[in-house]
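The values are calculated or read from the model by the stated rules, or taken from the named source; none is laboratory data. Keep in mind that what you see is a predicted model, and the values were worked out from it rather than measured. In this analysis, Cβ positions are derived from the backbone assuming ideal geometry, glycine residues included, and neighbour counts consider all displayed protein chains. The area values use the complete protein model at the heavy-atom level, side chains included, leaving out ligands, DNA and RNA. Shrake-Rupley method; radii C 1.70, N 1.55, O 1.52, S 1.80 Å.
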Amino acid sequence: FRVFVQPKYNVSADKIDSVEALVRWFDPTRGEYMFPGEFIPLFETNGFITKLDHFVYTEVLEFISKAAEHGDKVVPVAVNVSRVTAGNEDFLNFYIGNKKKYRIPDGFITIEFTESFAMEDYDKIAHVIEELHKNGIRCSIDDFGSGYSSFNILKRIHVDELKLDAVFAAPSGNVQRDDKILSTMIDLA
């Protein structure tokens with residue numbers, strides 16, 4: 001498994017101001033990397049996903065910590081968390097505890113929750129996000145609009161970032177309608 005980063009471009013500031021950590025699995029028999037869609041569903045079923053989520057998070061924290069020690073420029077990093085991992089009893093202890101262990105400054109980590117986890121139990125995710133915020137960790141809802149979206153998420157869960165599903169940017173044949181829906185979603189967010 002290897003962790004890569006993908007830049008997050010700030011259109012208003014016309015610069016890259018953060019990155020998202022992505023994991024890929026190198027399959028030596030195929031001689032290529034496998035994309036998450038090829039292995040994440042299996043890992044969510046067999047329970048390995050939590051180990052993978054912990055690996056990615058720890059790799060990111062180590063990278064930020066070492067870069068800061070060497071005086072390198074550090075930008076905030078977003079890390080995806082599966083609904084399985086986010087639902088674990090020790091979730092907060094692991095993520096908050098390791099942020100402290102690696103002495104990561106507040107605002108340099110964003111945890112991205114899936115829309116499906118956010119919709120499972122509003123009270124639970126609201127509590128989790130509140131605790132993460134108290135400890136300097138930003139929170140995001142990923143792939144909003146990919147499933148049975150609820151605007152209740154926007155009202156009841158206080159996230160720092162809302163990542164719209166790619167479906168909002170895909171053409172449907174009616175450009176004016178596409179633009180109106182996308183701009184309305186941005187206004188709502």
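With r defined as the distance between the Cβ atoms of residue 187 and residue 13 and R0 fixed at 22 Å, what FRET efficiency is calculated, to the nearest 0.05?
Details: r = 20 Å, r/R0 = 0.90.
Efficiency, from the Cβ-Cβ distance: 0.65.
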Query raised in the report: Over the range 107-188, with a single point scatterer placed on each C-alpha, what log10 of the ratio I(q)/I(0) does the Debye formula yield at q = 0.11, 0.20 1/Å?
Result: -0.32, -0.88
Query raised in the report: In whole angstrom, how far apart do the alpha carbon centroids of the range 10-33 and the range 72-87 sit?
Result: 13
Query raised in the report: How many Lys pairs in the range 28-148 lie less than 15 angstrom apart by Cα atoms, where the lysines are 8 or more positions apart or on different chains?
Result: 5
Query raised in the report: So for the chain: antiparallel DSSP bridges make up what percent, rounded to the nearest 5?
Result: 45
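Quick check on the chain: helices-only [θ] at 222 nm, where DSSP H runs of length 4 and up contribute -39,500 (n - 2.57) each and the sum goes over total residues. Nearest 500, please.
Details: 8 runs with 85 residues, N = 189.
That calculation yields -13500 deg cm²/dmol at 222 nm.
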Query raised in the report: What Kirkwood hydrodynamic radius, in Å, does the range 63-115 give when the mean of 1/r is taken over all pairs of distinct Cα atoms and then inverted?
Result: 12.2
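Please report the carbon-and-sulfur percent of the accessible area for the range 62-180; probe 1.4 Å, protein heavy atoms only, DNA, RNA and ligands left out. List each step's numbers first, then the result.
Working: 3360 of 6750 Å².
The nonpolar share, carbon plus sulfur, comes to 50 percent.
For the range 1-47, what is the convex hull volume of its Cα atoms per residue in Å³?
Working: hull volume 4.9 nm³, N = 47.
It is 104 Å³ per residue.
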Report summary line: Over its alpha-carbon atoms, the chain yields an Rg and a Dmax in Å of 17.3, 51
Report summary line: Any chymotrypsin sites (Phe, Trp or Tyr not before Pro) in the range 1-42 that lie in a DSSP loop and have at most 15 other Cβ atoms within 10 Å would be 1
Requested in this report: Between residue 103 and residue 160, take the C-beta separation as r, use R0 = 30 Å, and let me know the FRET efficiency to the nearest 0.05.
Outcome: 0.90
**Report entry** Most mobile of 142, 72, 17 in a GNM of the chain (Cα contacts under 10 Å)
**Finding:** 72
Report summary line: Among 90, 27, 121, the residue with the largest mean-square fluctuation in a Gaussian network model of the chain built from Cα contacts under 10 Å is 27
Report task. Determine the per residue accessible area of the chain with all protein chains present and a 1.4 angstrom probe, expressed in square angstrom. Result -> 59
Query raised in the report: In nm, what is the difference between 0.36 nm times the number of residues separating residue 127 and residue 176 and their Cα-Cα distance?
Result: 13.7 nm
